[in-house]
Amino acid sequence: MIEFSNWDILRNLLLAAQWTLLLSIAAFIGGTVVALTLTAMRLTRNVVVMRIVRVYVELFQGTPLLMQMFLCFFGLSMIGYEISAWGAAILSLTLFTSAFLVEIWRGCIDTLPKGQWEASRVLGLNFLQTLRHVILPQATKVAFAPTVGFSVQVVKGTALASVIGFVELTKAGTMLNNATFEPFKVFAFVALIYFALCYPLSLCSKYLEKKYHVAR
Amino acid sequence: MSLVKLDQVHKYYGDFHVLKGIDLNIKVGEVVSIIGKSGSGKSTLLRCINGLEAYQQGGIAVDDKEVTSEDIQVRRLALSVGMIFQSFNLFPHLTVGENIMLAPTIVLKKSKQEAEKTARAMLEKVGLGDKFDRYPEKLSGGQQQRVAIARALAMNPKVLLCDEITSALDPELVGDVLKVLEQLAAEGMTLILVTHEMNFARDVGDRVVFMHQGKVWEEGNSKKLLSEPQTEELKQFIGAVL
Amino acid sequence: MLNFSDLLPYTDVFLSGLMTTMELTVLTTALGVLVGTTCAAIRQYGNGTSQRTVAAYVELIRNTPFIVQLFFIFFGLPAVGLILTSWQASIIALTINLGAYSTEIIRAGLSNISKGQWEAAKVLGLNFRQTLLRVVFTPAFEKIYPALTSQCIIVMLGSAVLSQISVQDLTYAANLVQSRNFRAFESYVVTALMYLGLAMLMRYVFVLIGKRLFAFREAS
Ligand SMILES: Nc1ncnc2c1ncn2[C@@H]1O[C@H](COP(=O)(O)OP(=O)(O)OP(=O)(O)O)[C@@H](O)[C@H]1O
Ligand SMILES: [Mg+2]
């Protein structure tokens, strides 16, 4: 058996953490793009389109992320779409992230008083002009803090990719545990690294929230 | 010639009959005060005139063009009908100047310089020439409402609709806003205002329209109507507000 | 080709998984909210040290993945002498997790109660504990009830991970079935829908409980 020093464990975990980081960023970007599209769809106020978005949100918020990952990974390949663990993880995390972001942003847009839409309308602004010049500048300000806050959930969500065999931080943890038989130490390290990734984001979100509330 | 013309307008909210056949003719330069109890349909009437609400029967025309609540129509209408709200509805993320310049630049496609010139002139007119670069939240309610007036004026409307624009203000700030309205009236602007300021309606207004239960219950020359109300309902209403 | 009828022979497996998930959910939702309420009260009204301890607990849990917390408890703690069954580890992990999140939520509700309420209770002669239990808690919970509901549902959905330490829950059942009949897609779709049903059921139950708890709204 190979001997692992604390430093060996930590070094290996940090290497794997790069994949956690990469996966998080990819999922967050993917989720943002999809959520932007969905938000735009929702804003059309078309009843059918809004219902589709509603069902999408219900579906991905109402089922476990792990189940979504299984479906993307095992499920898709069973019905003939081969997909790597990496691909399945990004796909499911993107869907998951977008479903939450679109809801968060909906809240931000809906908190703006109806008077903002009406005032724009009587000034002759069309829908897109109102959105661009009046609604979005205000909504993005409100949305910033909760969006950064949700990025913490994305980082933590990537841990589930370990279950479908993608080697990121958590998977590296279980592998090192099997090699070292030091679960207490290994998982404490794993937790600390996640904490180091997430806590700054949490703090940032809190700071943004305060800043916004004072500005208001 | 009438600038705003309502012909047997009916409006429903679901089953609820809010406006029950409103006829109204408003001439260029006229100052018309709409009074009446809460819930009598005053706001609804104004919102139908500028297309914010759809009506189900009858016809409304502004400047001889028919009003509908279709988006395109409303925007065309915005060129001739300005509106000021009880709650100001200024855009908080824009400075006072930017608030006023927004619609002239993106709707009327004016150049920035031109829009700024108009904006400054309008601010001067409402007595806030020095507030161009301030944000709305830094102003008092009375000042915010005057900015809203300047914002509407910058679109050079033919008629200005005002829905209880002094109701949200502290009493000592009401005078400043009314003074601006009075000046506009003197310059010949057509004004339709829902108001509880009876003195203003009598002294500045040309005509008073008393609404009751979704109908025009009584209307006429403002001084005459308020001193010699004909109907029991108007007598009661005047008794209650004075 | 899709074939859902291959799942039918495994109805029992699914049902027993469903029961396990529901059992765990009921138990840990109650425990978690209890922990959260206690910690929220400490966080809001406690002294400096106890406040900081609770804050550290909350931040630690909120900034690490549930699966890592679970592994730490199930694999890590035995290494220092605390041996737990997978069931015990699950209960502890879920409770601690929901406890941390609900602490933050409930505290927001507590901080929303105006000073006037406290003063009114005081002049009526109620002590701290009585005021908290009789005057403050109900309106505080009412304020944050929707957020608390959502969080409890999120934790229930998160419990899918327990299958990784061999708790025989709904996800475990799905894995078992697909390993037997090789119908992964069908098995996971059905399971996902069952979770969706559970989430809806939970929301409904919370509404019912809320009606009871906040009956004073109806009366007014
Ligand atoms: N969007 C709406 N949906 C349904 N009913 C409405 C709506 N808006 C107004 N109403 C109803 O229509 C009636 C007339 O409302 P309106 O706002 O025009 O009254 P008002 O005369 O302006 O009263 P106030 O002096 O209180 O402003 C009221 O009974 C009101 O409850
Ligand atoms: Mg009104």
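Dipole check for the range A:6-211: with +1 at the C-beta of Lys and Arg, -1 at the C-beta of Asp and Glu, and the Cα centre as origin, the magnitude is about 720 Debye. Averaging the Cα positions of each part gives two centres, and for the range A:124-146 and the range B:27-99 these lie 23 Å apart. Calculated from the alpha-carbon coordinates, the range C:4-219 shows an Rg and a Dmax of 20.3, 69 Å respectively. Qualifying GluC sites (Glu not before Pro) in the range B:1-98, where qualification requires a DSSP coil assignment and no more than 15 other C-beta atoms within 10 Å, comprise B:GLU70. In order along the range C:43-48, the Karplus-derived 3J(HN,Hα) couplings, from 6.51 cos²θ - 1.76 cosθ + 1.60 at θ = phi - 60°, round to 4, 8, 10, x, 7, x Hz, and Gly and Pro are given as x. Note on the protein assembly as shown: Cα Rg divided by 2.2 N^0.38 Å, N the number of residues, gives 1.21. Based on protein heavy atoms only, chain C ends up with 49 Å² per residue of surface accessible to a 1.4 Å probe.
Tally up the carbon and sulfur contribution to the accessible surface of the protein assembly as shown as a whole percent, 1.4 Å probe, everything protein left in place. Answer for the protein assembly as shown is 60 percent, counting heavy atoms of protein chains only. Cα centroids of the range A:17-63 and the range B:176-225: 52 Å apart. A simple spin-label model places the labels of B:LYS20 and C:THR49 7.5 nm from each other, with each point 7 Å out along Cα-to-Cβ. A Förster distance of 25 Å, applied to the separation of the beta-carbon atoms of C:MET19 and C:ARG180, puts the FRET efficiency at 0.80. For the range A:32-161, the normalised intensity computed at q = 0.13, 0.17, 0.18, 0.19 Å⁻¹ comes to -0.62, -0.92, -1.00, -1.07 (log10 of I(q)/I(0), Debye sum over alpha carbons, equal scatterers, no solvent). With all projection directions averaged, the alpha carbon convex hull of the range B:87-182 covers 5.8 nm². Spin-label model, A:MET50/B:ASP203: points 7 Å from Cα along the beta carbon direction are separated by 4.7 nm. For B:MET83, the residues 5 or more places off, or on other chains, whose built amide H falls under 5 Å of its own are B:LEU161. Rounded to 0.05, the FRET efficiency of the C:ARG134 and B:ARG76 pair, given R0 = 56 Å and the Cβ-Cβ distance, is 0.40.
Accessible area per residue for chain B, computed on protein heavy atoms with a 1.4 Å probe, is 44 Å². When the C-alpha to C-alpha distance is required to be over 29 Å, the pairs from A:LYS210/C:LYS211; B:LYS5/B:LYS138; A:LYS141/B:LYS112; A:LYS114/B:LYS109; A:LYS156/C:LYS211 that qualify are A:LYS210/C:LYS211; B:LYS5/B:LYS138; A:LYS156/C:LYS211.
Across the range B:219-234, coupling constants 3J(HN,Hα) worked out from phi with the 6.51/-1.76/1.60 Karplus curve, θ = phi - 60°, read 8, x, 3, 5, 5, 5, 4, 6, 8, 10, x, 8, 8, 4, 4, 5 Hz, and Gly and Pro carry x. Solvent-accessible surface, computed for protein heavy atoms with a probe of 1.4 Å, shrinks by 40 Å² or more for the following residues of the range A:62-86 when the other protein chains are added to the isolated chain: A:GLY62, A:THR63, A:PRO64, A:LEU66, A:MET67, A:PHE70, A:LEU71, A:MET78, A:ILE79.
Each of A:LYS211 and B:GLU66 was given a label point 7 Å from its Cα along the Cα-to-Cβ line. The distance between the two points is 5.3 nm. When accessible surface is computed with a 1.4 Å probe, chains A and C are found to bury approximately 3000 Å² between them, both chains counted. Were the residues from A:TYR199 through A:GLU58 laid out at 0.36 nm apart, the gain over their Cα-Cα distance would be 47.9 nm. Computed from phi, the 3J(HN,Hα) profile of the range A:167-174 under the Karplus parametrisation 6.51, -1.76, 1.60 (θ = phi - 60°) reads 7, 10, 4, 5, 4, 4, x, 5 Hz, with x in place of Gly and Pro.
Dipole of the range C:4-219 computed with +1 at Lys/Arg Cβ and -1 at Asp/Glu Cβ about the Cα centre; of C:GLN130, C:ALA93, C:ASN181, farthest Cα towards the positive end is C:GLN130. For the range C:4-219, the residue among C:ALA108, C:PHE74, C:GLY158 whose Cα projects farthest onto the positive side of the dipole built from Cβ charges is C:ALA108.
The values are calculated or read from the model by the stated rules, or taken from the named source; none is laboratory data. Note that the coordinates shown come from a computational prediction; the quantities given were computed from them, not determined experimentally. Don't worry about glycine lacking a Cβ; one is built from the backbone with ideal geometry, like all the others, and counts go over all protein chains shown. For accessibility, only protein heavy atoms count, side chains too; no ligands or nucleic acids. Shrake-Rupley method; radii C 1.70, N 1.55, O 1.52, S 1.80 Å.
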